[in-house]
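Visitor: I am attaching a structure below and will ask some questions about it afterwards.
The values are calculated or read from the model by the stated rules, or taken from the named source; none is laboratory data. It should be emphasised that the depicted structure is a prediction, and the values quoted were computed from it without experimental measurement. Here the Cβ is made from the backbone with ideal geometry for all residues, glycine too, and neighbour counts use every protein chain on show.
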Amino acid sequence: MNNDGGQLYRISDIRLVLVDHDCMMREGLAALFGREPGVEVVGSSDGGSEALDLVDKLRPDLVVVNVSPGKTEGMEVVRAIAQEGVGTKIIALSALCNRTIVAEAFRAGADAYVVKDNGFSELVRAIDRVLSGETHLCSHAYNVVIEQFRNPADDNNKSILTDREYVVLQHIGEGKTSKEIALQMDLSSKTIDASRRHLMKKLEVDSLAGLVKRALAMGMTTLVS
């Protein structure tokens, strides 16, 4: 995004660590940041204890961490860095966006949430803002947060779901089959089918299409429009 004068927000003298399970994504971001004056990517990691060790050793100004629904590692890295209290700013970066993951990222200690579809300039803007002491929501994240206030009744439906049912419903909202969901969650297809039946009963729908519509209405789908 641009500021009022149409210029990209300027960042300088920044020491940065990248945390993403995707090596190609880390390398791509490092190349893009290499073109930004005054920005130095001092380390990168695929996550876990290695990421925490890097932050502890290098004490960067900022860490960009990939986070995803249904996978706890990224959020755990955000939480652990925030709890260290060393002043390192944290940007949660994700290909996905829904109300739950945005809220979870900020509760864990993130200073910004950026959806990858917003582009590199949005990430640069987020860095500029968090290093100025502000928080930042990209446009996609902002929209899902606003939608929560418009449809507060949807949260009542969420409260009756188990953690497993919640994640299954997210995947159903993305159009995934039971087999695909089972592989991603490391469960059997029969278990996913059982969760789907329970979801239909709890949410009072009688078809898979009904579940997809309910996931969309509840803001639970991780697809970015």
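Visitor: Does Val65 count as closer than 20 Å to Ile127 by Cα and either aromatic (Phe, Trp, Tyr) or surrounded by 20 or more Cβ atoms within 10 Å (Cβ to Cβ) (or both)?
Guide: When the stated conditions are applied, Val65 passes them.
Visitor: Ok, one more. Restricting the search to region 70-91, which residues are surrounded by fewer than 20 Cβ atoms within 10 Å (Cβ to Cβ) and closer than 30 Å to Gly173 by Cα?
Guide: Passing the criteria: Gly70, Lys71, Thr72, Glu73, Glu76, Arg79.
Visitor: Let me ask something else about it. Take region 165-190 and flag every residue that is farther than 17 Å from Asn98 by Cβ and surrounded by fewer than 16 Cβ atoms within 10 Å (Cβ to Cβ).
Guide: Passing the criteria: Thr177, Lys179, Glu180, Leu183, Asp186, Ser188, Ser189, Lys190.
Visitor: Being without any contact (Cβ under 8 Å) to a residue 60 or more places away in the chain and either surrounded by 24 or more Cβ atoms within 10 Å (Cβ to Cβ) or within 17 Å of Arg129 (Cα to Cα) (or both) is the filter here; which residues of region 92-115 pass it?
Guide: Listed by number, the residues that qualify are Ala92, Ser94, Val102, Ala105, Phe106, Gly109, Ala110, Asp111, Ala112, Tyr113, Val114.
Visitor: Please specify each residue of region 25-45 satisfying the condition of being modelled with pLDDT under 90 and farther than 18 Å from Lys89 by Cα.
Guide: Glu36, Pro37, listed by residue number.
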